[in-house]
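Colleague: So that we are looking at the same thing, I have put the structure below in structure tokens.
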Amino acid sequence: MRSRLLTTVLLILFALPFGLLGLLAVGQEWRFPEVLPPAYSLEALRGLVAADNDLLAGLGKSLLLASVVAVLATAGGFLVARAIAGARRPGRWTALSYLPYALPPVLLAVLIQPFIIRMHLSGSVGGVLLGLLLLALPFATLLLGSFWSQRATEYEQLARTLGCTPRQALRRVLLPLAAPLLRTTLVQTFLLAWFDFGLTNVLSVGKVRTLTVQVFTYVGEANAPLAAVASLLLVLPPMLLLLANKSALLRKP
């Protein structure tokens, strides 16, 4: 009985922010101390079906950037982590992987902005993608570093002894062994790129309006309905991704 009550309370607490966002999305002229909006309108939601809707464009850019960053960072992190594991002093390279997180993302973006400008990528999707990779790749390397232990090396050597080529050992032995960790890294790097605001806002110079940037823009404009709709769109893909990842982890082999 107590566990059921606790579960109900936790579900209510979890649902409250989403309920508030829903009310803000459809409410009009909602001011303190009114408990509920005096009027309701679906204008902000109807705008989502418009062909030139900024929110859908921002959603598409965010999905594109986060997906590409997640795939590239996970694949690159897997290879870099392997190279670090085989290095003479792996601890030194692992320590270097923490450097991007020694600075706030905004300051890191300011430091790399001159190089982005020289590469003629300032204010472009490519420039934002490159900046996000500088955050996500070391993160993926640190996560995947635990896979390249003595056990993985022994499995690879055993596969080579039995006649596998390096490519076959990677495809048939190492990747299946690393699949759960690779899936987790893919999800985590997606979330890292998806929710980033500081670095994206600086490198985009107002031209690449991702969904996260739009949320802060609408909040700054005191446009509560659009800010609420953008926030709901912002949390939807990560929730679906986390549920899919949880289902994959709980699925019996």
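Colleague: Tell me, in nm to one decimal, what length is gained between Leu243 and Ala179 on full extension, where the rule is 0.36 nm per residue of separation less the Cα-Cα distance?
Modeller: Extra length from Leu243 to Ala179 when fully extended: 21.3 nm.
Colleague: Based on the Cβ-Cβ distance of Arg118 and Phe195, what FRET efficiency does E = 1/(1 + (r/R0)^6) give at R0 = 22 Å, to the nearest 0.05? Working shown, then result.
Modeller: Details: r = 28 Å, r/R0 = 1.28.
For Arg118 and Phe195, the calculated efficiency is 0.20.
Colleague: Oh, and also: Please list Arg160, Arg31, Arg88 in order of solvent-accessible area, largest first, computed with a 1.4 Å probe with all protein chains present.
Modeller: Arg88, Arg31, Arg160
Colleague: Between Gln168 and Ser67, what is the FRET efficiency for a Förster distance of 30 Å, r being their Cβ-Cβ separation, to the nearest 0.05?
Modeller: 0.60
Colleague: Same structure, new question: At a probe radius of 1.4 Å, what is the per-residue accessible area of Ile116, in Å² to the nearest 10?
Modeller: That residue has around 10 Å² of solvent-accessible surface.
Colleague: Given a 10 angstrom Cα cut-off, can you work out which residue in Pro138, Pro38, Pro238 is the most mobile in a GNM of the chain?
Modeller: Highest fluctuation of the listed residues: Pro38.
Colleague: Continuing with this model, one more query. With θ set to phi - 60°, apply the Karplus curve 6.51 cos²θ - 1.76 cosθ + 1.60 along the stretch 104-111 and write out the HN-Hα couplings as whole Hz, x wherever there is a Gly or Pro.
Modeller: With coefficients 6.51, -1.76 and 1.60, one gets x, x, 5, 5, 4, 5, 5, 6 Hz.
Colleague: Percent of Cα-Cα pairs per 5 Å bin, from 0 to the last occupied bin, for the chain, please list those.
Modeller: Histogram of Cα-Cα distances, whole percents per bin: 1, 6, 10, 12, 14, 13, 12, 11, 8, 6, 3, 2, 1, 0, 0.
Colleague: So how much accessible area does Lys207 have, in Å² to the nearest 10, using a 1.4 Å probe?
Modeller: Here the accessible area works out near 140 Å².
Colleague: Given the rule -39500 (n - 2.57) for each run of at least 4 DSSP H residues, summed and divided by the residues of the chain, what is its mean residue ellipticity at 222 nm, to the nearest 500 deg cm²/dmol?
Modeller: On the way: 12 runs with 183 residues, N = 253.
Using -39500 (n - 2.57) per qualifying helix, the result is -24000 deg cm²/dmol.
Colleague: Quick one: order Met239, Met1, Met119 from most to least accessible surface, probe 1.4 Å.
Modeller: Largest to smallest exposure gives the sequence Met1, Met119, Met239.
Colleague: What accessible area, in Å² to the nearest ten, does a 1.4 Å probe give for Val68?
Modeller: Roughly 50 Å² of Val68 is accessible to a 1.4 Å probe.
Colleague: Rounded to a whole number, what % of the accessible area of the stretch 117-253 do carbon and sulfur atoms account for, probe 1.4 Å? Mind showing how you got there, number by number?
Modeller: Numbers: 4800 of 7360 Å².
Solvent-exposed carbon and sulfur of the stretch 117-253 make up 65 percent of the total.
Colleague: If I take R0 = 30 Å and measure r between the Cβ atoms of Asn53 and Phe18 in this structure, what FRET efficiency does the formula 1/(1 + (r/R0)^6) give, to the nearest 0.05? Don't skip to the answer; put the middle values down first.
Modeller: Working: r = 21 Å, r/R0 = 0.72.
Here the calculated transfer efficiency is 0.90.
Colleague: Still on this model: Grab the Cα-Cα distance for Thr7 and Leu134, subtract it from 0.36 nm times how many residues apart they are, and report the gain in nm with one decimal.
Modeller: Residue separation times 0.36 nm, minus the Cα-Cα distance, leaves 41.7 nm.
Colleague: For the chain, with a Gaussian network of springs between Cα atoms less than 10 Å apart, report the residue from Leu240, Leu121, Leu132 with the top mean-square fluctuation.
Modeller: Leu240
Colleague: Here's another thing I want to ask about it. Could you report the stretch 70-153's accessible area per residue, 1.4 Å probe, as an integer in Å²? Kindly include the intermediate steps, with their values, before the conclusion.
Modeller: Details: 4730 Å² over 84 residues.
Per-residue value: 56 Å².
The values are calculated or read from the model by the stated rules, or taken from the named source; none is laboratory data. Because the structure is a prediction, the values reported are computed rather than measured. Reconstructed Cβ throughout: ideal geometry from the backbone, glycine too, with neighbour counts over all protein chains shown. Just so you know, the surface numbers come from the protein's heavy atoms only, side chains and all, with ligands and any DNA or RNA stripped out. Shrake-Rupley method; radii C 1.70, N 1.55, O 1.52, S 1.80 Å.
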